[in-house]
Amino acid sequence: MTETFITNMLIIGAGPAGYTAAIYGARANMKPVLLTGLQPGGQLTITNDVENYPGFAEAIQGPWLMEQMAAQAKHVGAEIVMDSVSKCSLLDPQKEDGYFIFHTDTGNIYKARTAIIATGAQARWLGLEAEERLQGYGVSACATCDGFFYRGKKVAVIGGGNTAVEEALYLTHHASHVTLIHRRDSLRAEKIQQDRLLNNPKVTVIWDSVVEDILSGGKPEAVTELALKNVKTNEKSTLDIDGVFIAIGHNPNTELFKGQVELDSEGYIITQPGTPKTSIPGIFAAGDVQDKTYRQAITAAGTGCMAALEAERYLGETE
Ligand SMILES: Cc1cc2nc3c(=O)[nH]c(=O)nc-3n(C[C@H](O)[C@H](O)[C@H](O)COP(=O)(O)OP(=O)(O)OC[C@H]3O[C@@H](n4cnc5c(N)ncnc54)[C@H](O)[C@@H]3O)c2cc1C
């Protein structure tokens, strides 16, 4: 049987942004309800060592960190529900007595006076079988997160946009050599970034080439080589490396909100600068769903905190 629930604060997403919003919301006595979606814990549940989340001298495991955040949110009184939003109506809450309406996969309906969208983003992958198998063992989509693990090693970055160039430049601080592999003969990144990259003695660019496979050299949990193909000549080659960073972009999880909350050309939720406020008063956004620049657990948590504080303020003002 389906049910309708009423809440002051609905949080959509169970990553660092969502759980932090839940902790702040619960401690402000807002009795928040958090819907986890299909990936409780979010992106950090698919990684191993996390070395840059403050508070831990030693590396911690991503899934463990997220379990701690969930436990803390529950401990302070947040309600955590395993369900996903499938449809919502945000444009005119007045039609429903001032409530935003959210339908979920289980058929339940949540009527919320404020909502925090923290549905995150997914890295785009090349679609190779080895890519999934070797994630965390030499395959990564985040240089800021994992670059440190490649001190003195040879890495490759795949892509040709701003992200790829930034990731490659960042990796030059750690790796002994960085090879950027791009399927075209020119980069899409800003000119100044291109100049920095092309003039860096630690960087080589392989143009017009795609990765056909990521090889482990017989070791189960390592990356040793890339199999490449030149798309102009069809010539095949291999490149010895210790790690590969896929930097071909991210997809924010905003399909649900299209046509309602204002999104940018890449689908990220637009927030007012320095705030989690979206184009709809009462709807806030936190974490990677509105951040294509930093994409870190700590920044997601920070904006989750801001969203809960703003939601509380909004309720106070509209009561
Ligand atoms: C492999 C990997 C390693 C990383 N390593 C690090 C690291 O070492 N340090 C670091 O700081 N950052 C790291 N990051 C980045 C970090 O994980 C993200 O920046 C962070 O998780 C973003 O948090 P978030 O709360 O915005 O969203 P996410 O973590 O993406 O969580 C999104 C949540 O939304 C939920 N959701 C989606 N759609 C719906 C829906 N329709 N209804 C309900 N819920 C929904 C999902 O189930 C999920 O719970 C890494 C990322 C990856 C992929």
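Those residues that are more than 12 Å from the chain's Cα centre (by Cα) and surrounded by 23 or more Cβ atoms within 10 Å (Cβ to Cβ), I need them from segment 282-300; list them, please.
Answer for segment 282-300, where residues must be more than 12 Å from the chain's Cα centre (by Cα) and surrounded by 23 or more Cβ atoms within 10 Å (Cβ to Cβ): I283, F284, A285.
Name every residue in segment 1-21 that is within 11 Å of the ligand (Cβ to nearest atom) and over 15 Å from I101 (Cβ atoms), in order of residue number.
Listed by number, the residues that qualify are I11, G13, A14, G15, P16, A17, G18, Y19, T20, A21.
Cβ-Cβ distance below 8 Å, separation of 6 or more or different chains: which pairs start in segment 27-55 with a residue that is among the small types (G, A, S) and end on one that is part of a strand (DSSP E or B) and within 7 Å of the ligand (Cβ to nearest atom)?
Short answer, once both residue conditions are applied: G37/I12; G37/V85.
With respect to K87, determine if the residue is open to solvent by 40 Å² or more (accessible area, probe 1.4 Å), in a strand (DSSP E or B) and within 22 Å of T4 (Cβ to Cβ).
yes
From the residues in segment 255-267 that are more than 11 Å from the ligand (Cβ to nearest atom) and of a type outside the set (G, A, S), which one is surrounded by the fewest Cβ atoms within 10 Å (Cβ to Cβ)?
Checked segment 255-267; the qualifying residue surrounded by the fewest Cβ atoms within 10 Å (Cβ to Cβ) is K258.
Could you tell me how many of the residues in segment 157-200 are of a type in the set (K, R), surrounded by fewer than 16 Cβ atoms within 10 Å (Cβ to Cβ) and part of a helix (DSSP H, G or I)?
So the count comes out to 1.
Quick check on L315: is it open to solvent by 30 Å² or more (accessible area, probe 1.4 Å) and under 25 Å from L10 (Cβ atoms)?
For L315, the condition - open to solvent by 30 Å² or more (accessible area, probe 1.4 Å) and under 25 Å from L10 (Cβ atoms) - is not met.
Run P252 past the list (1) more than 20 Å from A168 (Cβ to Cβ); (2) open to solvent by 60 Å² or more (accessible area, probe 1.4 Å) and report the number of the one that doesn't hold.
Going through (1) more than 20 Å from A168 (Cβ to Cβ); (2) open to solvent by 60 Å² or more (accessible area, probe 1.4 Å) one by one, P252 breaks only (2).
From (1) surrounded by fewer than 22 Cβ atoms within 10 Å (Cβ to Cβ); (2) in contact (Cβ under 8 Å) with a residue 24 or more places away in the chain; (3) farther than 21 Å from Q296 by Cα; (4) not hydrophobic (A, V, I, L, M, F, W, C), pick out the condition that doesn't hold for H75.
With (1) surrounded by fewer than 22 Cβ atoms within 10 Å (Cβ to Cβ); (2) in contact (Cβ under 8 Å) with a residue 24 or more places away in the chain; (3) farther than 21 Å from Q296 by Cα; (4) not hydrophobic (A, V, I, L, M, F, W, C) applied to H75, the lone miss is (2).
The values are calculated or read from the model by the stated rules, or taken from the named source; none is laboratory data. Since this is a predicted model, take the numbers as computed values, not measurements. Cβ atoms come from the backbone with ideal geometry, glycine included; neighbour counts cover every protein chain shown. Quick note on the areas: whole protein, heavy atoms, side chains included, nothing else; ligands and nucleic acids left out. Shrake-Rupley method; radii C 1.70, N 1.55, O 1.52, S 1.80 Å.
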